[in-house]
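Just so it is clear, none of the values below were taken in a lab; they were calculated from the coordinates. Everything quoted here is computed from the prediction, not taken from an experiment. Quick reminder, even Gly has a Cβ in these numbers, built from the backbone with ideal geometry, and neighbours come from all protein chains shown.
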């Protein structure tokens with residue numbers, strides 16, 4: 001895969017850095033060339049400040065999401081409304097993320113994140129006040145879910161655009177790996193915290209705590225400084241700028257391959273993780289304890305996958321090999337499914353699958369960041385976001401429908417074989433002259 005395109009702008013007088021060097025804030029020491037060899041993002045002062053903001057806001061996200069789902073059940077005692085609330089949170093990602101990708105290329109992403117974190121804080125405190133006033137019914141719940149989804153749709157491309165501005169190229173895979181670890185830990189700890197708050201003091205304190213976590217994240221973000229020296233985006237309608245970003249992504253073989261690998265990972269690997277409740281019931285006739293063990297195995301695999309990426313450096317060739325190897329491992333892990341008839345065997349498959357698919361997803365995210373020109377980063381990463389979130393939803397729908405007809409074991413084997421065929425086709429295309 002090709003190295004990322006350099007910024008063509010000349011350096012300012014007296015600036016001896018390479019033209020494509022990452023910039024840091026005046027308060028932080030400049031990024032030197034030798035730091036590109038360093039794999040730890042926590043060695044970068046700007047990222048250390050951002051890391052605290054990320055930990056707080058990610059916890060706030062999972063606390064809020066848990067409370068929205070629990071409230072939907074508590075208000076209606078209908079699984080349908082729980083699904084509707086989840087869908088309402090997800091829809092803005094597909095509709096608005098590409099538009100916010102354009103915005104991320106136009107503004108300083110740090111300033112944009114200050115706005116999204118502050119908005120989430122106000123939303124959480126507003127939801128707490130609504131509950132306290134005994135006005136939190138289904139319309140209010142859906143409004144909170146929709147607003148949460150819309151703010152998240154803006155937050156994601158801004159976050160992905162900011163990280164490469166805070167770390168050197170060599171530290172970028174480590175930064176993405178740490179982000180994955182924080183995300184998966186918060187996915188476990190956030191609902192646990194929310195459940196404890198509900199049991200101890202009720203929904204008001206739960207939503208208020210979520211809002212305060214976002215507020216603390218916004219305060220931490222105030223200490224993050226980054227000079228945005230990306231080329232200015234030419235003034236044009238939003239739809240035209242999005243079209244330009246899409247054309248750029250499709251015209252670059254490295255980015256096109258990364259997006260295809262992301263889609264294959266979502267359709268053929270992450271779909272299984274999304275169907276863990278059904279997998280537990282059909283393969284093992286399991287109870288809630290069985291599902292909890294499989295969910296823990298998936299969480300452990302995701303954390304291990306994120307940690308594995310923190311050991312990688314900013315070499316696109318090495319990352320591409322890791323992504324292909326990990327996707328192959330994920331596919332091979334599905335093939336023994338017909339013989340997995342106990343909790344230990346299924347748990348091992350889930351752990352390996354989760355580890356491998358996390359490495360594929362985070363590796364593709366790193367490749368997208370490294371391969372794209374700075375002026376298109378927000379738009380390209382918004383496409384990556386849509387594929388990352390949309391592919392598992394489509395894949396789990398297809399896999400679930402087939403599993404109801406012919407059983408889970410043959411479906412898992414079939415998806416594993418399809419993943420291997422897709423991987424072989426992508427590897428063959430990557431090897432053609434001019435394709436990499």
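Couple of notes before you dig in:
- 222 nm mean residue ellipticity, helices alone, for the chain (DSSP H n ≥ 4; -39,500 (n - 2.57); rounded to 500): -26000 deg cm²/dmol
- For the pair region 362-435 / region 190-259, the C-alpha centres are spaced 22 Å from each other.
- Sequence-separation-based contact order of the chain, relative, with Cα cut under 8 Å and 6+ spacing, percent: 26
- Theoretical FRET efficiency, 1/(1+(r/R0)^6), r = Cβ-Cβ of residue 143 and residue 115, R0 25 Å, to 0.05: 0.80
- In nm, spacing of pseudo-spin labels at residue 313 and residue 238 (7 Å Cα→C-beta vector): 4.2
- For the chain, a/c is not less than 1.5, where a ≥ b ≥ c are the root eigenvalues of the C-alpha gyration tensor, and a/b does not top b/c. That puts it in the oblate class.
- Region 158-281: translational diffusion in µm²/s, Stokes-Einstein, Kirkwood Rh over Cα pairs, 4 °C, 1.567 mPa s: 68
- Extension reserve of the residue 76-residue 132 stretch, reckoned as 0.36 nm per residue once the Cα distance is removed: 18.3 nm
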